[in-house]
Structures are given as C-alpha cells and as structure tokens.
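The values are calculated or read from the model by the stated rules, or taken from the named source; none is laboratory data. Every value quoted in this text rests on a predicted model; they were computed, and no experiment measured them. Note: ideal-geometry Cβ built from the backbone for every residue, glycine included; neighbour counts use all protein chains shown. Just the protein is used for accessible areas: all its heavy atoms, side chains included, with ligands, DNA and RNA removed. Shrake-Rupley method; radii C 1.70, N 1.55, O 1.52, S 1.80 Å.
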Amino acid sequence: MSSNLRSIFIDGEAGTTGLGIRDRLAAVPEVTVRSIAPGRRKDPDARREMMAGVDLVVLCLPDEAARESVALADELGADAPKIVDAATAHRIAPGWVYGFAEMAPGHAQAIAGASRVANPGCYPTGAIALLRPLVDAGLLPPDHPITVNAVSGYSGGGKSMIEEHEAGAAPAFELYGLGLRHKHLPELQEYARLTRRPIFVPSVGNFRQGMLVSIPLHLDTLPGGAKLADLREALTERYAGSTYVEVADAASGGKLEPEALNDTNRLELRVYGDDDLGQAVLVARLDNLGKGASGAAVQNIRLMLGLAES
C-alpha cells in the first residue's frame, strides 16, 4: 500500500450524501475509505478511535449529531483529523471555511489550508455563484431586495420525501419553505454579501436530481444603469479558467431544464433578459447531489489533502 495513501472516515455514510461521496471517492486512487462496523456506528468510543486513525472525516449527519462529532474530534487535540461537514451546522460558524472553492479569488487556497470546512448547501451554491460576483463588482448593492426562486429534484429532501416520491405518493410539484426561514438562508445571505435578508422560495419537482436557481432583477433599480452585458461580464471574469463553473450562453427558446448536469460536479450560470424591458433573470443549473452536495465535498477533500483535480 502506498505511503501516500490518505484515509477518510465518512460519519453517516449510509445517507444519500454519504453514499454519493463514497461512490465518487472510489474513483480517487490516492484515498481509502474506512468504516466502522454497523453495530458500532453510534458508539462514541468507536467513532473517536476511528477519527484518531484517519486523515480526514466527512460528516453526513443531522446538525446536532454533526456538532457532537466535532466535539469528539476536539477531544483528540493535535491528533484531530481534518473535517468536512456536509450538514448545515457549521456553515457560518467561526473557525470554519465555507467550501465553495470558486466563490472568490483565493478561496480555493483557503480551503486547501483549512482544517475544518463546511460544505455548502445546494441552493446557496447556485445563488451565491450568481450574486457574489455582482456585489463584489459594485453592480448589485448589498442592500438590494433580492428574491431567489429554485426547484430541486426530490433526492435533496431527505429520506421521507424520497420514499414518498418513489412510492408515487408525492405531488408533481410543490412549493415549500413558505415560512421564509429555510435553513439555507443564513449562508446564502452571508456569502453573497447581502445586508438585506433575501426572500427565498424553494420548490421540489417529481424528478430525482437536478436543480435550477433563478434570481429576477429590474435593471433600472441597479446603480449606474447596468446592462445584461455588464452582469455577464462580471460573472465571466469571476469564473474565468474554472474547472467546474461555466458562464454559458442563454439557451434559445426561453426554456431551461434542470437535469442536464446530473452526475457531474459542474455548475452553469446564465443571464437572460431584455435591456429594452430593463429586466433580467439570472439562472444557475447544477446537480443538487453533485456540485450541490457530494461533488463539492469531494472537491473540498481533494483540496484539503493536496490532491489534483479530477
């Protein structure tokens, strides 16, 4: 066995994200995934012992359980492994680096040097990718009233939603999160650099995976008379040379479906609109299980362990 082989423990490997990460890591020869016997997966001593013997731990757990796992790692002191948390628990927590490598210049290097990285949510990945470059460029004021609309495949909704859809008992489409307190809002606002809380309206369709995130804008409310070309230029400049993020041409026919990037780690951004009407719609397309979950986690793992991009 190579002395350069890195070892990883996925705490919560039986869930959708954990299984996705394990499948993707199977194609990474520099990594071996270690597991605890099923009967001991909830045993704190077994988990602490496993953490002490690996290079990196991925947390695919509910938020409270993720915090408990971090506490176990803390007990190891200098022997604690690096951690990627795929839960919501640490996405805006002090001391954690947000795991969206393309978010800003130099951010991939920050992830590479971090010991603790919070994997982004699927919806915020698309919204932040669209908004952050425009805020940084001064095209979008941080206090601008923003509405984010999004649709995801049902695989992002947890065990009960998946079972309902696969049993044919779910509606074809539904809005949710209409209490306007979706758990992804804090990270979306924080990393898009918005000072005004955005309105976020998610929805789920009766398809397994894939995602569209859309943000409408009235151009005459933006400073300096911004045009569609200005918005696209800011996005293009931010993601120039990116392996996984592409600023694509607006699809002809005024339609866009959500499943084209399934089983990839890609993220496509588009600017639709009409300068004469003074209106634009920014759209991100991604796989909610790829760049929105397992794909991003493996990208972060590679960065943190010093492995080349796939």
*Tell me which residues, restricted to segment 251-262, are part of a loop (DSSP other than H, G, I, E, B) and open to solvent by 80 Å² or more (accessible area, probe 1.4 Å).*
Lys255, Glu257, Glu259
*3 or more residues more than 20 Å from Glu268 (Cα to Cα) and open to solvent by 40 Å² or more (accessible area, probe 1.4 Å): qualifying strands (runs of 3 or more DSSP E) within segment 130-209*: 173-175
*Within the set of pairs 6+ apart or on separate chains, which have a first residue in segment 113-127 that is surrounded by fewer than 24 Cβ atoms within 10 Å (Cβ to Cβ), a second that is not in a loop (DSSP other than H, G, I, E, B), and C-beta atoms under 6 Å apart?*
Ala114/Val97; Ser115/Lys82; Arg116/Ile83
*Among (1) outside any strand (DSSP E or B); (2) touching an Asp or Glu at 6+ places or on another chain (Cβ under 7 Å), where does Asn265 come up short?*
(2)
*Sort through Met103, Met50 and tell me the only one that's of a type outside the set (Asp, Glu) and over 29 Å from Arg208 (Cα atoms).*
Met50
*asked:* Out of the residues in segment 232-250 meeting the condition of being free of Cβ contacts under 8 Å to residues at least 24 places away in the same chain and part of a loop (DSSP other than H, G, I, E, B), tell me which one is surrounded by the fewest Cβ atoms within 10 Å (Cβ to Cβ).
replied: Gly241
_Could you check segment 220-231 and list, in sequence order, the residues that are assigned to a helix (DSSP H, G or I) and open to solvent by less than 10 Å² (accessible area, probe 1.4 Å)?_
Leu231
*Please determine, by comparing only the residues of segment 3-13 that are touching a residue at least 24 places away in the same chain (Cβ under 8 Å) and of a type outside the set (D, E, K, R), which one is farthest from Ile162 (Cα to Cα).*
Asn4
*Scan Asp43, Asp63, Asp74, Asp23 and give me the residue that is surrounded by fewer than 20 Cβ atoms within 10 Å (Cβ to Cβ) and in contact (Cβ under 8 Å) with a residue 60 or more places away in the chain.*
Asp23
*Does segment 287-307 include one or more residues that are touching a residue at least 24 places away in the same chain (Cβ under 8 Å), over 27 Å from Ala86 (Cβ atoms) and open to solvent by less than 20 Å² (accessible area, probe 1.4 Å)?*
no
*Could you tell me which residue of segment 210-219 is farthest from the chain's Cα centre (by Cα), considering only residues that are crowded, with 16+ Cβ neighbours inside 10 Å and in a strand (DSSP E or B)?*
Leu217
*For residues in segment 1-29 being under 14 Å from Val54 (Cβ atoms) and part of a loop (DSSP other than H, G, I, E, B), which is farthest from the chain's Cα centre (by Cα)?*
Leu5
_From the options Val54, Val31, Val58, residue that is among the β-branched types (Val, Ile, Thr), open to solvent by less than 70 Å² (accessible area, probe 1.4 Å), under 27 Å from Gly95 (Cα atoms) and without any contact (Cβ under 8 Å) to a residue 60 or more places away in the chain_ = Val54
*Regarding Glu102, is this residue open to solvent by less than 30 Å² (accessible area, probe 1.4 Å), more than 16 Å from Pro186 (Cβ to Cβ) and acidic (Asp, Glu)?*
yes
